[in-house]
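Let me begin by presenting the structure, written as structure tokens, before commenting on it.
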Amino acid sequence: MQAPLPDRVWLVTATVSEFADEPSATRNLRDLATKTQVRAVNGVPGGMELGLVSGASAVVFPRGRLVYSVVVYYGGDHTDELHQLAVRQAELVGPAPTSCPISAPLTGIADALPREGDTSFKLVVQARFRYESQIRQDFPGVVSLSVDARNGDVWRGTRGDFTVHRARDYWIGVHVESPLSCPGDPAALRSYNGVPLHFVVG
């Protein structure tokens, strides 16, 4: 293969990879990011710039179950061109927050679920504003918080006599800047005044 010309972009590739679910997509990106140098990309929610090899860089970002990748091979420094291409790609795709690998469960045993009533819209809105500064302190990389529909299982009853049922309820959406900011277990399972968290990239 002929050596690339100095100070020239000589190849650009754009790919889309599909995963089984959203957590799998962000898990793949997080694992990939641990193997190379990474930095955030302005204008691309959830985007990461990866230094692949000398003369090649990529911007990757998740959207739902899909992972988009723009790779530029070059001589010299063409980071600006890479970012412009990635921003344009993200604009064409549009926004779509993608779930982190671990968040509070929607189903399971009573000990892992919120109590009936604790995740009503009113109480989750109150918790979102009351605990925002604490959540930002506990989880570096938080971009914003939201109140989102959860629609999961909750428990009711007394000690030793629990029942679990589905509810139309809510949780706090914690939007982080990249897959590297997704917390692990058990941190991601923390709740605030009984309100669970749902971590998403973007």
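The values are calculated or read from the model by the stated rules, or taken from the named source; none is laboratory data. It should be emphasised that the depicted structure is a prediction, and the values quoted were computed from it without experimental measurement. Note that we place each Cβ from the backbone using ideal geometry, even for glycine, and neighbour counts take in every protein chain shown.
Among the residues of region 178-189, write down those that are surrounded by fewer than 19 Cβ atoms within 10 Å (Cβ to Cβ) and touching a strand residue (DSSP E or B) at 6+ places or on another chain (Cβ under 7 Å).
Result: LEU180, single match.
Just checking, how many residues over region 13-34 are more than 13 Å from GLY46 (Cα to Cα), of a type in the set (A, V, I, L, M, F, W, C) and out of contact with any helix residue (DSSP H, G or I) (no Cβ under 7 Å at 6 or more places or on another chain)?
Counting residues in region 13-34 that are more than 13 Å from GLY46 (Cα to Cα), of a type in the set (A, V, I, L, M, F, W, C) and out of contact with any helix residue (DSSP H, G or I) (no Cβ under 7 Å at 6 or more places or on another chain) gives 3.
Within region 43-52, is even one residue of a type in the set (Val, Ile, Thr), under 23 Å from HIS175 (Cβ atoms) and part of a strand (DSSP E or B)? Don't jump to the end; show me each part of the working.
Taking region 43-52 first, the residues of a type in the set (Val, Ile, Thr) are 44.
Filter once more, so that each one left must be under 23 Å from HIS175 (Cβ atoms): 44.
Narrowing further to those that are part of a strand (DSSP E or B): none.
For region 43-52, residues of a type in the set (Val, Ile, Thr), under 23 Å from HIS175 (Cβ atoms) and part of a strand (DSSP E or B): absent.
Among residues belonging to region 115-130 that are basic (Lys, Arg) and closer than 11 Å to TYR192 by Cβ, point out the one that is nearest to the chain's Cα centre (by Cα).
Going through region 115-130, the residues basic (Lys, Arg) turn out to be 115, 122, 128, 130.
Of the ones still in play, those that are also closer than 11 Å to TYR192 by Cβ are 128, 130.
Working: ARG128: 18, ARG130: 23 Å.
This residue is ARG128.
Applying the selection to region 104-129, what residues are farther than 13 Å from SER191 by Cβ and not aliphatic (A, V, I, L, M)?
Residues of region 104-129 that are farther than 13 Å from SER191 by Cβ, as a first pass: 106-110, 116-117, 120-122, 125-126, 129.
Answer for region 104-129, where residues must be farther than 13 Å from SER191 by Cβ and not aliphatic (A, V, I, L, M): THR107, GLY108, GLU116, GLY117, SER120, PHE121, LYS122, GLN126, PHE129.
Quick check: is even one residue across region 166-188 without any contact (Cβ under 8 Å) to a residue 40 or more places away in the chain, within 30 Å of GLY43 (Cα to Cα) and among the polar types (S, T, N, Q)? Outline the logic, then answer.
Looking only at region 166-188, we keep the residues that are without any contact (Cβ under 8 Å) to a residue 40 or more places away in the chain, and these are 166, 168, 174, 186.
Now drop any that are not within 30 Å of GLY43 (Cα to Cα), which leaves 174.
This time we only want the ones that are among the polar types (S, T, N, Q), so: none.
Within region 166-188, not a single residue is without any contact (Cβ under 8 Å) to a residue 40 or more places away in the chain, within 30 Å of GLY43 (Cα to Cα) and among the polar types (S, T, N, Q).
Among the residues of region 3-42, which ones are of a type in the set (Gly, Ala, Ser), surrounded by 14 or more Cβ atoms within 10 Å (Cβ to Cβ) and assigned to a loop (DSSP other than H, G, I, E, B)?
Once the filter is applied, which keeps residues that are of a type in the set (Gly, Ala, Ser), surrounded by 14 or more Cβ atoms within 10 Å (Cβ to Cβ) and assigned to a loop (DSSP other than H, G, I, E, B), region 3-42 yields nothing.
Kindly provide the set of residues from region 149-164 that are under 19 Å from ALA112 (Cβ atoms) and either part of a strand (DSSP E or B) or not assigned by TED's automatic domain parsing to the domain that holds PRO114 (or both), ordered by number. Reasoning before the result, please.
Going residue by residue through region 149-164, those that are under 19 Å from ALA112 (Cβ atoms) are 150-164.
Listed by number, the residues that qualify are ASP153, VAL154, TRP155, ARG156, GLY157, THR158, ASP161, PHE162, THR163, VAL164.
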